[in-house]
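Here the structure comes first, spelled out in structure tokens, and everything after it is commentary.
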């Protein structure tokens with residue numbers, strides 16, 4: 001076989017193997033998952049009214065878990081979410097990227113959210129009266145998967161608090 005024909009045959013074989021590997025990877029790629037891990041009270045901001053400190057804003061740390069079931073790492077380029085107390089919007093937050101999530105692994109992403117006491121007053125009052133309240137986080141995360149591209153992953157988690 002001539003050297004030129006051999007080089008062409010090797011190039012064709014490499015191309016076919018690469019295309020086959022790409023096809024297998026893309027078709028075996030699983031969608032990453034994003035879930036609410038925790039909402040943790042982080043303090044408050046008060047205003048002094050007639051010598052009494054009255055809470056104006058409550059601060060919460062919101063933690064999301066991003067799970068990557070794939071054989072290549074991915075990048076979370078950002079996440080945005082809204083918080084609801086008994087289905088009433090009370091705050092919003094975001095996580096800026098990029099944050100790398102290793103292959104077949106997970107990563108916790110955390111951001112702080114300020115909730116106005118006035119916007120959550122009805123739900124907070126119900127909580128103080130001993131009623132169960134529902135806290136919901138609804139949003140989406142944008143991830144980049146190698147060879148697949150950018151995906152937007154919606155999430156919604158609801159926690160009942162007593």
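The values are calculated or read from the model by the stated rules, or taken from the named source; none is laboratory data. Please read these numbers as outputs of a predicted model, since none were measured by experiment. Cβ coordinates were reconstructed from backbone atoms using ideal geometry, including for glycine residues, and neighbour counts include every protein chain displayed.
For this structure, a couple of remarks:
- Scanning the range 72-89 for residues that are surrounded by fewer than 22 Cβ atoms within 10 Å (Cβ to Cβ) and either farther than 21 Å from residue 142 by Cβ or within 16 Å of the chain's Cα centre (by Cα) (or both) yields 73, 75, 77, 78, 80, 82, 84, 86, 87, 88, 89.
- Taken over the range 37-64, residues that are at pLDDT below 85 and more than 18 Å from residue 124 (Cβ to Cβ) amount to 4.
- Among (1) surrounded by 14 or more Cβ atoms within 10 Å (Cβ to Cβ); (2) under 11 Å from the mean Cα position of the chain (by Cα); (3) more than 17 Å from residue 41 (Cβ to Cβ) - the single one residue 96 does not satisfy: (1)
- The single residue among 144, 112 that is touching a residue at least 40 places away in the same chain (Cβ under 8 Å) and either surrounded by 20 or more Cβ atoms within 10 Å (Cβ to Cβ) or closer than 17 Å to residue 38 by Cβ (or both) turns out to be 112.
- Annotation: of all residues in the range 38-62 being buried (at least 16 other Cβ atoms within 10 Å of the Cβ) and under 18 Å from the mean Cα position of the chain (by Cα), the one that is farthest from residue 108 (Cα to Cα) is 60.
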